[in-house]
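The values are calculated or read from the model by the stated rules, or taken from the named source; none is laboratory data. These numbers were taken from a predicted model, which means no experiment stands behind them. Methodologically, a virtual Cβ is constructed for each residue, glycine included, from the backbone with ideal geometry; neighbour enumeration extends over all protein chains shown. Side chains included, ligands, DNA and RNA excluded: accessible areas come from the protein's heavy atoms. Shrake-Rupley method; radii C 1.70, N 1.55, O 1.52, S 1.80 Å.
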Amino acid sequence: MTQAAPTGHDATAADGAGTVLALRDVCVAYGRVQAVRSVSLDVPAGRALCVVGPNGAGKTSLVRAVAGLERVSGGEVRWRGEPLGRQSVTKRIAAGIVYVPEGTQVFGGMTVEENLAVPLIATRRPIASDTFAKVYAAFPILERRATQDAGTLSGGENRMLAVARALVLEPGLLIVDEPSLGLSPQATATLAAALRALAEGGQTVLVSEQNLACATAVGGDACLMVRGEIRWRGPNADLAGVEPVRAAVLGQGLS
Ligand code: ATP
């Protein structure tokens, strides 16, 4: 169901039913640049929500603020009903908020499986024989590449590994920043389908994306961000057919 942009909430407003992450009047500023302007947003549990918008809209700033990588200069981020305040990235990861940055972040000189083990070692979690079964089910190609150096992976496999490495932490919220960046349409479609399947299996997913084909393929809901503000929210079924989205994103020559 299409709904009006949920801006201007009272910062003390109750989180919606089924909401796992609630943003209330969140602002992010870099000096005098207001990248995120009073954004209020509910992210429902066990679904995908894509923040779409043109270059410089503030999408990355918004999701990085949720991950604790940018300081919130106003408003509040609540996770499972509790304000996150200035909580560190490490504490947010422990609480279940795991962020996959845009671009390539895997360790090229280590095998795929060694890459998957890194977050578990870093957070002192056990590694058992079936530890990677769930991520291999989500990304079967990674199981076939398990003993291969990550540096030899294709761009799409590389990005899958970055997402899989976040998944081994069994996040309550998986945040993926610009999953399509630098990928071919085919690799983008494969990754988007995997994200969709994860959400359909009950994983809460928050995606920042300017490629409408990718965002549409992820499914769930979408919201349009323009100049730091949420302008529209609705189902993700056919974003290219939604007039405000067309005007903001396709007008930039993006697909
Ligand atoms: P893109 O898709 O191009 O990454 P975006 O929607 O993710 O865009 P942001 O990267 O969040 O947008 O940028 C929002 C605004 O904040 C832009 O005007 C950008 O120039 C500015 N900005 C982002 N990071 C910084 C920074 N570290 N210092 C200063 N300004 C920044």
**Asked** Given labels modelled 7 Å from the Cα in the Cβ direction, how far is it in nm from I127 to V33?
**Response** 3.9 nm
**Message:** Along the charge dipole of segment 40-158, pointing to its positive end and built from +1/-1 on Cβ of Lys, Arg, Asp and Glu, which listed residue (L69, G155, V118) has its Cα farthest out?
**Reply:** L69
**Asked** By Kyte-Doolittle mean hydropathy of at least 0.5 and Cα axial length of at least 15 Å, which whole DSSP H helices of the chain are selected?
**Response** 112-122, 185-200
**Prompt:** Considering only protein heavy atoms and a 1.4 Å probe, what is the carbon-and-sulfur percentage of the accessible area of segment 104-255?
**Reply:** 52 percent
**Message:** Show me the three semi-axes of the equivalent ellipsoid for segment 183-255, from the C-alpha gyration tensor (sqrt of 5 times each eigenvalue), largest first, rounded to whole Å.
**Reply:** 20, 15, 10
**Asked** Can you give the net charge of the other residues whose Cβ lies under 15 Å from the Cβ of R145, counting K and R as +1 and D and E as -1?
**Response** -2
**Heavy atoms of E243 accessible to a 1.4 Å probe, total area in Å² rounded to 10** = 110 Å²
**Message:** Below 10 angstrom from the Cβ of A248, what's the summed charge of the other residues (Lys, Arg +1; Asp, Glu -1)?
**Reply:** +2
**Prompt:** What is the gain in length, in nm to one decimal, between E170 and T90 on full extension, counting 0.36 nm per residue of separation less the C-alpha to C-alpha distance?
**Reply:** 27.3 nm
**Item:** Compactness of the chain, expressed as Rg and Dmax over alpha-carbon positions, Å
**Value:** 17.6, 52
**Complete:** Length gained if L250 through A189 is fully extended, taking 0.36 nm per residue and subtracting the Cα-Cα distance, is 20.1 nm
**Length gained when the stretch A137-D149 is fully extended (0.36 nm per residue, less Cα-Cα span)** = 2.3 nm
